[in-house]
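Everything on this sheet refers to the single structure shown next.
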Amino acid sequence: MNLFKLPFLLKLALAVVSIIGLGYLVKLGQSILAPFFLAFLMAMLFLPVANFLEKKLRFPRSISTIISVTILLVILTGLIFFFGSQISSFSRDVPQLSKQFNLVFHNLQAWVSKTFNVKIDEQLDYLDQGLSKLLSSSGIILGFTLGVFSSSLGFLAFFILFFIFILNYRRILNNFIVNVFNEKHKESVQEVVSEVRIMTKRYIIGLCLQIVIVSVLTTTVLTILGVKYAILLGVLTGLLNVIPYIGICISLLISCFIAFATGTVSTCIYVAIGYVIVHIIDGNIVLPFVVGSKVKINALFSFIGILLGEHLWGISGMFLCIPAIAIIKIIFERVEGLKPWGNLLGEDHKPHKKKKTYKISKNITLKEMD
């Protein structure tokens with residue numbers, strides 16, 4: 001049966017049912033699929049390293065995989081040590097932050113009392129009731145904290161294992177994807193797989209470079225403004241910037257709070273202006289030239305992807321949704337019949353203006369732009 005000859009409504013119904021079924025399976029397999037997809041992205045990032053070790057240095061595949069995993073673990077350990085040391089240093093300023101917060105809270109209480117005629121004693125009663133409910137559920141909070149910690153360890157363990165398997169058995173996986181299709185389509189499928197692998201590798205490398213550039217720019221701005229923990233806030237901004245629009249706003253709020261707690265109100269304003277400048281540079285210079293405009297996702301589907309990613313996989317889904325959409329866009333643009341969907345996910349490109357030619361004489365022409 002030729003699917004292209006089916007009625008439009010039937011094809012639409014099949015597409016909707018397929019999307020719902022895939023979404024349910026993705027939600028059901030969150031604990032496995034989330035670390036697998038992250039491991040796939042990191043494997044694409046470390047693929048040049050593994051190929052260099054195998055082709056140039058003649059290392060066996062198992063040795064190149066072990067070396068790649070060792071490099072990855074060193075990087076992860078460095079990040080954990082960095083954030084741990086920065087948070088430890090940050091904890092020493094908690095009393096100052098608490099003092100500043102109490103001052104702002106008392107000013108807010110006075111404003112509420114004056115504006116809404118609610119006495120401060122009544123406000124404190126409301127807070128006491130809320131605190132008592134919070135403390136009564138401390139067992140639930142403790143269980144939730146332990147659950148998050150254990151799930152993070154499980155996620156990390158699955159991520160490392162999947163990373164090893166994907167790098168070590170990448171030739172088998174590639175052959176399976178090619179051979180699962182009909183013989184007459186093998187050559188075109190191999191071309192699509194190769195293009196997707198190359199574009200995905202370039203995209204992930206560009207994304208990592210974007211994180212580094214945004215981190216350096218933000219750290220420089222915060223250091224010039226004299227904001228404490230500029231390096232920590234800069235690296236955090238670079239990582240959160242992977243989440244379009246929402247990530248930069250979250251990091252802006254955190255930086256403004258730290259600047260207000262350790263500085264002045266004017267510093268907060270300067271920090272906000274600095275973040276706007278960094279975001280403009282990132283969106284107009286870094287993203288097109290480093291990440292590449294060919295895999296740039298438009299704002300509408302970026303936002304929809306973030307919402308779906310958070311709904312399906314939580315916080316990890318918010319970080320992984322944009323690379324997933326970029327890979328889907330790459331595949332759609334290279335598969336006949338799916339190109340309109342790939343164009344739908346991308347940015348709007350202005351059509352090239354045609355030149356009009358006006359004859360002035362037999363041998364002279366005048367070209368003008370529309």
Notebook entry, point to check: For segment 184-292, which whole percent of the accessible surface, found with a 1.4 angstrom probe, sits on carbon and sulfur atoms?
Noted result: 75 percent
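Whole number please: convex hull volume per residue of the Cα set in segment 199-297, in Å³? Provide the component values of the computation, followed by the final result.
On the way: hull volume 7.4 nm³, N = 99.
Here the figure is 74 Å³ per residue.
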Item checked: By accessible area with a 1.4 Å probe, ligands and nucleic acids excluded, highest first: order of 61, 202 -> 202, 61
Next item on the list: Subtract the Cα-Cα distance of residue 249 and residue 180 from 0.36 nm times their separation in residues, and report this length gain in nm to one decimal.
Entry: 20.4 nm
Notebook entry, point to check: For a paramagnetic label modelled at 7 Å from the Cα of residue 14 toward its Cβ, which residues of segment 329-344 fall within the zone defined by backbone nitrogen distances under 16 Å?
Noted result: 336-338
Notebook entry, point to check: For the pair residue 266 and residue 55, what calculated FRET efficiency results from E = 1/(1 + (r/R0)^6), where r is the Cβ-Cβ distance and R0 = 56 Å, to the nearest 0.05?
Noted result: 0.50
Margin query: From the gyration tensor of the Cα coordinates in segment 296-350, what semi-axes in whole Å does the equivalent ellipsoid have, largest first, with each one equal to sqrt(5λ)?
Written below: 22, 12, 8
Check: Modelled label-to-label distance, residue 188 and residue 74, 7 Å Cα→beta-carbon offset: nm?
Finding: 4.5 nm
Margin query: With a cut-off of 8 Å between alpha carbons and a minimum separation of six or more residues, what is the relative contact order of segment 296-350 in percent?
Written below: 35 percent
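What ranking do 188-196, 82-90 get when scored by the average of other Cβ atoms within 10 Å per residue, highest first?
Working: 188-196: 14.8, 82-90: 12.6.
For the peptides 188-196, 82-90, the packing ranking is 188-196, 82-90.
The values are calculated or read from the model by the stated rules, or taken from the named source; none is laboratory data. A quick note: this is a predicted structure, and the numbers were derived from the prediction, not measured. FYI the Cβ positions are ideal-geometry reconstructions off the backbone, even for glycines, and counts take in every protein chain you see. In case anyone asks, the SASA skips ligands and DNA or RNA and just uses the protein heavy atoms, side chains included. Shrake-Rupley method; radii C 1.70, N 1.55, O 1.52, S 1.80 Å.
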